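Written out below as structure tokens is the structure these notes cover.
Taken together, the values in this text are just the output of simple stated rules run on the coordinates, not laboratory data. This structure is a prediction, so every number in the text was calculated from the model and none was measured. Here Cβ is always computed from backbone atoms with ideal geometry, including for glycine, and neighbour counts include all displayed protein chains.
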Amino acid sequence: MNFAAQITGTGSAFPQNRVTNDDIAAKLARVDVNTDDAWIRERTGICERRLSKPEDTNEHNSSLGTAAARNALEMAGKTPEDIDQIIYATCSPDTLIPSTACWLQHKIGAKQAWAMDINAACSGFVYALATAEQFIRSGQTQTALVVGAEVLSPFLNWEDRTSCILFGDGAGAAVVERVPAATPQRILSTHLHSDGDLWNLFFIPAGGSNLTVTPERYAQHQHTMKMNGKEIFKVAVRTLADFAKRALKANDLEITDLDWFVPHQANRRIIEAVAKRLAYPLEKVLMNVERYGNTSAATVPSALDEAVRDGRIKKGQTVLLDTFGAGLTYGSILLRW
């Protein structure tokens with residue numbers, strides 16, 4: 001093909017409400033569930049997270065996505081009118097209809113764009129970025145806005161300490177533009193996969209057309225996340241390592257050629273296990289899980305944005321994005337910044 005895709009701007013945004021492990025422990029104590037800061041840190045590496053306030057319209061999913069998108073557009077030197085395409089990755093949309101991508105389009109005034117959501121849970125941003133790259137390479141899109149954003153707090157069971165301690169709310173975004181195929185700074189390759197046979201490792205029973213939320217089901221927490229943490233840990237470590245190797249092999253690179261590794265921020269222990277499996281130095285792994293927890297589709301773009309803005313990621317460096325999520329879904333993208 002005659003075109004390639006290049007990320008020219010990144011952005012991120014989080015709610016103001018900072019919730020520490022001590023805050024979580026106090027909340028759980030009110031329903032006779034015991035935990036503490038040390039227990040949470042030891043198992044997850046998380047110290048705090050940001051949780052949206054439902055009554056604050058500035059902290060709705062699309063509002064966080066809008067703030068992240070505006071930051072990315074500013075970095076790229078673009079306006080909303082320059083956007084041809086909006087791809088919004090989320091599993092916690094503002095509304096089932098319309099899509100959160102359309103809410104974002106409305107809020108930023110991107111009148112020339114078409115918009116759609118992608119639900120690949122924690123792999124969502126990588127899936128969305130890979131989709132945008134294909135539209136750009138085909139010549140159909142000049143400038144795409146890719147957003148990964150979640151407000152997961154309404155779907156947490158505050159009586160289940162194995163899951164409610166993990167998640168936070170937030171958004172990340174990237175502006176992706178068409179460049180000549182030979183441009184050195186570009187997305188080098190994308191690698192996606194899913195395994196629907198493992199759906200039961202992480203799911204929400206009620207809330208879709210199969211099982212609506214009734215007062216009885218709400219009381220039974222059927223509208224909240226159900227996860228098998230031990231099995232997810234094993235699958236996550238294996239697949240993150242495998243998809244990192246797949247991306248490197250496709251580009252005839254070794255792990256030593258990689259400047260930065262940006263894995264999904266589910267749990268510090270998972271990230272450490274993957275780095276060990278790859279024999280990759282932890283100091284070159286980009287992490288923000290200790291401050292924001294698992295923000296699902298927002299983890300990779302927000303960690304990427306932080307490293308771009310503080311100067312860790314420099315022009316010409318090779319960066320690997322690597323994710324897994326409910327579905328189960330997996331994916332990696334190798335790019336040169």
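When residues in region 287-310 are screened for being part of a helix (DSSP H, G or I) and either among the hydroxyl-bearing types (Ser, Thr, Tyr) or surrounded by fewer than 24 Cβ atoms within 10 Å (Cβ to Cβ) (or both), 10 of them pass.
Within region 160-206, the set of residues being among the polar types (S, T, N, Q) and in contact (Cβ under 8 Å) with a residue 40 or more places away in the chain comprises THR162, SER163, THR183, GLN185, SER189, THR190, SER194. Take the conditions (1) in a helix (DSSP H, G or I); (2) touching a residue at least 40 places away in the same chain (Cβ under 8 Å); PHE261 misses just one of them, which is (1). Of all the residues in region 7-54, those that are under 30 Å from MET75 (Cα atoms) and among the charged types (D, E, K, R) number 5. What do you reckon, is ASP322 within 18 Å of LEU129 (Cβ to Cβ), in contact (Cβ under 8 Å) with a residue 60 or more places away in the chain, touching a Phe, Trp or Tyr at 6+ places or on another chain (Cβ under 7 Å) and among the acidic types (Asp, Glu)? Spelling it out, ASP322 is indeed within 18 Å of LEU129 (Cβ to Cβ), in contact (Cβ under 8 Å) with a residue 60 or more places away in the chain, touching a Phe, Trp or Tyr at 6+ places or on another chain (Cβ under 7 Å) and among the acidic types (Asp, Glu).
Does ASP94 qualify as being closer than 28 Å to VAL289 by Cβ, charged (D, E, K, R) and in contact with a helix residue (DSSP H, G or I) (Cβ under 9 Å, 6 or more places away or on another chain)? Criteria met by ASP94.
Counting only helices (runs of 4 or more DSSP H) that sit completely within region 149-253, those holding 2 or more residues that are among the acidic types (Asp, Glu) correspond to 229-250.
Which of the residues that make up region 1-33 are in contact (Cβ under 8 Å) with a residue 24 or more places away in the chain and more than 23 Å from ASP169 (Cβ to Cβ)? Across region 1-33, the qualifying residues are MET1, ASN2, PHE3, ALA4, ALA5, GLN6, ILE7, THR8. On the stretch given as region 87-133, residues that are part of a helix (DSSP H, G or I) and at negative phi total 21.
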